[in-house]
Amino acid sequence: MRIRRLLGLALATATLAGVSAVGAATAQAVSHPAISADQCTAQGGTVDQGGPYRGGPRCTFPDGHSESIT
């Protein structure tokens with residue numbers, strides 16, 4: 001009985017560690033780095049200067065995603 005409990009605890013710990021590692025890798029892959037306005041237009045994007053309620057300047061690319069401009 002004690003061995004089952006220890007094996008169950010080890011399995012739960014390993015599963016939790018694997019799930020958190022996959023989540024961190026996915027979140028890092030999804031985030032886009034900030035680029036300059038010149039890089040934005042060179043890649044076919046449009047620069048939106050932002051505003052008081054929209055945040056800072058952003059670049060919107062033809063595929064639909066946007067990135068913040070440094």
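Scanning the range 55-67 for residues that are open to solvent by less than 50 Å² (accessible area, probe 1.4 Å) and of a type in the set (Ser, Thr, Tyr) gives a single hit, Ser66.
Residue pairs whose Cβ atoms lie under 7 Å apart, sitting 6 or more positions apart in sequence or on different chains, and linking a residue in the range 51-70 that is more than 13 Å from Gln39 (Cβ to Cβ) to a partner that is among the β-branched types (Val, Ile, Thr) and open to solvent by 50 Å² or more (accessible area, probe 1.4 Å), are Thr60/Thr46; Ser66/Thr60. Within the range 13-23, identify whether any single residue is modelled with pLDDT of 80 or more and either part of a helix (DSSP H, G or I) or open to solvent by less than 90 Å² (accessible area, probe 1.4 Å) (or both), and answer yes or no. Yes, there is a match, as at least one residue in the range 13-23 is modelled with pLDDT of 80 or more and either part of a helix (DSSP H, G or I) or open to solvent by less than 90 Å² (accessible area, probe 1.4 Å) (or both).
Scanning the range 36-63 for residues that are modelled with pLDDT of 90 or more and out of contact with any Pro (no Cβ under 8 Å at 6 or more places or on another chain) yields a count of 15.
The values are calculated or read from the model by the stated rules, or taken from the named source; none is laboratory data. Here the structure is a predicted model, which is why all the values come from computation and not from measurement. Note: ideal-geometry Cβ built from the backbone for every residue, glycine included; neighbour counts use all protein chains shown. Note: accessible area is taken over every heavy atom of the protein model, side chains too, but ligands, DNA and RNA are not part of it. Shrake-Rupley method; radii C 1.70, N 1.55, O 1.52, S 1.80 Å.
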